[in-house]
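The values are calculated or read from the model by the stated rules, or taken from the named source; none is laboratory data. Model, not experiment: these values are computed from the prediction. Here the Cβ is made from the backbone with ideal geometry for all residues, glycine too, and neighbour counts use every protein chain on show.
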Amino acid sequence: MLKRLFRVTFICLIGAGVIFSSPFGINCTHAAGIGFYLSHGIGDGAADFNEDYDSDDWWNDLESSGDAKFSGYGFIFDTAVAKDEVFNYRLQIGYEDAEYDIDSVYDGDLHIDISDFVGNFKLDIDRFVIDNTFGFGIVRKENFRIWIGPQLRIGYMSGDGTMTLIDGTKLNLDFDDGLVLGLAPVIGVNFNFINNLTIGVDLGYRFNFFVGSVDKTYYRLFDSGYFYGNDDTFFINFAFIYRFDDNF
């Protein structure tokens, strides 16, 4: 828990530094908005997870699938929240707690489905992400703005997992140095209030791809390898933004 807290604090500080030091940074001569966002997403049966290790053990070449969900938060920066401009660039830097509930396991070495031998298989993943959204205002009014556009993601992931067999044996997984790439179509609306406050809601469907290193331990055995996979999730973001000279 303490390790995660340090990671979250670190990424938040980095995010703040990037926003204020970037070419899009806030100053008195540029109109923009800055704030924070909350995010949640789910994907039923939309996660694929694969492991490949150095040894030939029959638990070491698995192709798994199941459900995914995540919750997150972070900083947000937008170049056109309320003003009458077609294009806006939105930057989000944040943390996500992702959980995978695996219900199907296939052994690639034996070429058989071994799901019946697995009682419980869960992954708990930390993701630190940077989302770049390129929005186009299709409806622009004084009090609200509706926009659509593509979103590109790059991120880092780490975490752990536990596979419990039906006989009670536990296999522990340790993920490290994982790369996350994502793509999502997004549609959103900004509700602009007085006192430069904006509340935004956006929806999307994200395709995440990931790859990295993993260690697996059980009994006194230890093996290292790599993992790769993908998840597809519907997501919703709630943004709370303060505008600097950003008015219609």
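Just a few scattered comments:
- Any hit, region 89-100, residues being farther than 20 Å from Phe238 by Cα and either touching a residue at least 24 places away in the same chain (Cβ under 8 Å) or aromatic (Phe, Trp, Tyr) (or both): yes
- Check on Asp202, in contact (Cβ under 8 Å) with a residue 12 or more places away in the chain, loosely packed, with under 13 Cβ neighbours inside 10 Å and under 19 Å from the mean Cα position of the chain (by Cα): no
- Flag if Val186 is closer than 30 Å to Phe209 by Cβ and either without any contact (Cβ under 8 Å) to a residue 12 or more places away in the chain or buried (at least 20 other Cβ atoms within 10 Å of the Cβ) (or both): yes
- Close pairs (7 angstrom Cβ cut-off, 6 or more residues apart or separate chains): in contact (Cβ under 8 Å) with a residue 40 or more places away in the chain and farther than 14 Å from Gly161 by Cβ in region 224-235, among the β-branched types (Val, Ile, Thr) and buried (at least 19 other Cβ atoms within 10 Å of the Cβ) anywhere: Tyr226/Val214
- Selection of first residues in region 153-171 that are within 20 Å of Glu99 (Cβ to Cβ) and at pLDDT 90 or above and of second residues that are surrounded by fewer than 18 Cβ atoms within 10 Å (Cβ to Cβ) and among the β-branched types (Val, Ile, Thr), restricted to Cβ pairs under 7 Å at least 6 apart or on distinct chains, gives the following pairs, ordered by first then second residue: Lys170/Thr162; Lys170/Thr164.
- Residue within region 185-202 that is more than 16 Å from Asn143 (Cα to Cα) and among the small types (Gly, Ala, Ser) present: no
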